[in-house]
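Since the structure comes first, as structure tokens, the remarks are kept for the end.
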Amino acid sequence: MTHLRLVAMFVLLPAALLVFNPTAIPAQPKKDKKLPEPPATDPATMKVAKGFKVELLFSVPKDEMGSWVSMCVDPKGRLIVSDQYGSLYRVTPPAIGAKGETKIEKIPAKIGMAQGLLWAFDSLYVVVNARVPDPNDKKKQKDISGLYRVTSSKKDDTLDTVELLRAFEGGGGEHGPHAVMLHPDRKRLTIVCGNQTKLTKFDTTKVPPVWGEDHLLPRLPDGNGFMKGVLGPGGAIYTVTPDGKQWELFSVGYRNQYDAAYHKNGDLFTYDADMEWDFNTPWYRPTRVCLVTSGSEFGWRNGAGKYPAYYADNLPSVVDIGPGSPTGVCFGYGAKFPQKYQDAFFICDWSYGKMYAVHLRPNGSAYSADVEEFVTSTPLPLTDLVINSHDGAMYFAIGGRRTKSGLYRVTYVDEQPEKLKDPFQPHFGSGVTEAARTTRLQLEAFHTKIGEPAIDAAWKELDNADRYVRFAARVVLEHQDPKLWTNRALAENDPQKAIVALLALTRVSAPCPEHTKDKKPADAPPFRKLVVDSLSGIDFTKLTDEQKLDLIRVYHVLFNRFGRPTGPDAEPERDRVTGQLWKHFPDKNRFVNAELCQLFIALDLVGATEKTMKLLKDAPTQEEQLEYVRALRVMRSGWTPELRKEYFLWFVKAANYKGGSSFANFLKLIKMDAIATLTDAEKTALKEIIEADPKMVKLPAAPPRPFVKAWKIADLTDALDKGLKSGRDFDRGRKLFAAGKCFACHRYDNEGGSNGPDLTGVAGRFSTRDLLESILDPSKEVSDQYGAVEVRTLDERVVVGRIVNLSNDEIHINTDMLNPGLTVKVNRRNIESMKPSKLSMMPTGLMDTFKEDEVLDLMAYVLSRGDRNHAMFKKQ
């Protein structure tokens, strides 16, 4: 990937160095000074993949035509577009290479505010996401969101007839109903809805309707209260007949997937949103590309309740992208592009102005991917894109939130690309990958109530090494009558099969308490005992890390749905669980520790407090520390005065930690819950620490690291060649990654910040020398993806940072990525100039306090993909 350079592996300069003239920033120009409307982003400012050209076809006059957010292609090759808050328009672009003007016509049908458009079955399908003033009460808003069909009463080009096929509840915001697309069978539609859209009534479902929250400890709501009390399963994807009458639920668990697209072999992909307010917490999940399989669940839950990617009852991403705001997506099928780009999955990020080309590769029954920047600029609030098979060009729009909108065309100009094959021609690869995908699809055919044949087929694959196949097999079981397979699950001797089968059995045997009227777990101790007996018979020492996490997850779901084994009658159950797991806590894997500490705190094991406090003390990152602090907040036993003091002193230290908008309030909620567990005597003894002003408390600081050497690449070349083969220290490497503040900006092995690139897979993209050079000399080549812009304003300000958000004519610039919530607002009409900054935001000298063997441990850690069993850590 030529555009992704590890130079972006930055630890950022302090805010004072990034905002020139930071004191007393002058106010924006008064609103009564009507500055001219700025034009849509100039293609000359865009960086485009080699061989491609972008042209601006139309700069949308905001006061007349609004801000465009969705589009589709009609049978004559014209575009149909929608203003986010207004009408539909038909767009006839000039022929490629011609000098004609772009023709814009307002569509007469009384409909608009669409976030999904599709021409199919001789109709225009429109997904409206809007609230309007209630005609009966002007003080109220009426939700008009829904799936509509627009046709011509005259059977010509005049679209004038509107029919509501299905109303949606929960629309009108940015997490409402979104896209509509044609299913590959050409007989159905596919509908995409964000997590504020209430589940619509469905006739059939591929998703077993047994979802829940399944948190063993009380969930933290969002620190700012966003969607507090809203339960899963979150955003959903449906298939529906063209008349809008038959609906099938296909997949759930998304935060806010705006769009989706079908691979030519029929697999569905989407690009799901992150929650940027969660930055630098363990529950932050970056924007990500997901393979949408039958019956799949992707684990969105409100607040801090989002499922980690490793939870067995949800699926991981194909590839994590990082922070952003996902909007339109499409495959390149039908474009006159080179084959690589015809096959690419194009995804748009509204916030950071990036269009990525995601190059998918078969990986087992699913996929992995490489990600390439395709079109970038700042600002470039991308909203939607389409391939127009009539002229072979890509069209994309910018706009949204009343920002300046424009319509663009992308063409390939270097040479004649290869001709595209049938977009829906089956193709996946060969050998192992084709067989694995075939197995997954065969299981997905059983995602309905069938009986013994389906159970037998699923059982064979419960121990499949492919996670997507195991997931599909579990979904098969959850669709069948549990009476047919309960005894088989309880008697299963194969550990992997038993774990998957017992998870399925637990989920179908009782609802999640939060989804019931009385909010209480099921009263079925005999069932719980049977599952505990089966699960606790598995030898924990013979499990892989993934299997350990899966086993612990079954306990979490079991004790959530059937209650915790407390009281004298449940003591044998509790003893079986602790006899199996207690001696293995702490584990070498931090994620296993995070799940075990929750389990033991839920069981009120006195020794769990001391062990977890030791883990808290040794944790090198704020994300790992938060895992333990969050769990301990509800623990009432096992505390000594010294441990209590140490726990509450952590909040004083954490006042200097940085994160997203909800970060500080998450800490307040955790602290409030912890205070609620104190006795009156403890509150009195700890009053000074609990009420302490962090600015006034001087905590013991780690001694500063002495200067060792201003390292150059030549100083370490020989050591890299000889010293990374074996014998390196994984734990020290991770601690050095934290000491160098790398975690402040970079995700690695599911922890760390997200304002720099995720470095987990860096070993597959860069040589050891290139990686080291990027750290030692970060400005040698600055990545477009994570570089800063320099903005000069008419009122003589200079602001340097990354554009992270837009609203109307304002751009929001993050000036200190160590503090993701810090932004400066600039009115676009007040900008004199804006250009990329020439310097990397990553400072030099990060390794100048490291000894040579420490540099090698750090490099080995980064190159290991987080695998402590990597050969580099084996002793010779």
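The values are calculated or read from the model by the stated rules, or taken from the named source; none is laboratory data. On a predicted model such as this, the values are computed, not experimentally measured, just so you know. Virtual Cβ from ideal backbone geometry, glycine too; neighbours counted across all protein chains shown. Ligands, DNA and RNA are excluded from the accessible area calculation, which covers all protein heavy atoms including side chains. Shrake-Rupley method; radii C 1.70, N 1.55, O 1.52, S 1.80 Å.
Computed from the Cβ-Cβ distance with R0 of 45 Å, the FRET efficiency linking residue 37 to residue 265 stands at 0.50. Ranked by the mean number of other Cβ atoms within 10 Å of their residues, highest first, the peptides 734-744, 827-837 come out as 734-744, 827-837. Lysines near residue 245 by alpha-carbon distance under 19 Å, same-chain residues fewer than 8 away left out - which ones? Leaving aside lysines fewer than 8 places away in the same chain, those within reach of residue 245 are 187, 198, 201, 206. Sorted on the mean count of surrounding Cβ atoms within 10 Å across their residues, most packed first, peptides 147-157, 620-630 read 620-630, 147-157.
At an R0 of 22 angstrom, the distance between the Cβ atoms of residue 441 and residue 763 translates into a FRET efficiency of 0.10.
Taking the Cβ of residue 379 as the centre, find all other residues whose Cβ is under 12 Å away and add up their charges (Lys, Arg: +1; Asp, Glu: -1). Around residue 379, the charge tally is +1. The fraction of accessible area contributed by carbon and sulfur in the chain is 51 percent, rounded to a whole number (1.4 Å probe; ligands and nucleic acids excluded).
What relative contact order, as a whole-number percentage, does region 509-628 give when Cα pairs under 8 Å and 6 or more residues apart are counted? Intermediate values should be presented prior to the final figure.
Numbers: 92 pairs, mean separation 29.1, N = 120.
Across region 509-628, relative contact order equals 24 percent.
Working note: Karplus 6.51/-1.76/1.60 with θ = phi - 60° gives region 528-544 the couplings 4, 4, 4, 5, 4, 4, 5, 5, 6, x, 7, 6, 5, 6, 9, 8, 6 Hz, where Gly and Pro are set to x.
Considering only alpha-carbon pairs that sit under 8 angstrom and 6 or more positions apart, the relative contact order computed for the chain is 14 percent. Listed values for region 46-51 are Karplus-derived 3J(HN,Hα) couplings in whole Hz (6.51 cos²θ - 1.76 cosθ + 1.60, θ = phi - 60°), namely 8, 9, 10, 3, 4, x, and x replaces Gly and Pro. Take each peptide in 376-389, 101-114, count the other Cβ atoms within 10 Å of every residue, and average; sorted highest first, the result is 376-389, 101-114.
Mean separation of Cα pairs under 8 Å and 6+ residues apart, divided by the residue count of region 82-192: what relative contact order is that in percent?
Relative contact order of region 82-192: 21 percent.
Only helices enter the 222 nm calculation for the chain: every DSSP H run of n ≥ 4 contributes -39,500 (n - 2.57), and dividing by all residues gives -8000 deg cm²/dmol, rounded to 500. Computed from backbone phi with θ = phi - 60° and the Karplus coefficients 6.51, -1.76 and 1.60, the 3J(HN,Hα) list for region 511-525 is x, 5, x, 5, 9, 10, 5, 8, 6, 10, x, 5, 9, 8, x Hz; x is used for glycine and proline. A 1.4 Å probe run over the protein chains yields, for the chain, 41 Å² of accessible area per residue, whole-number rounding.
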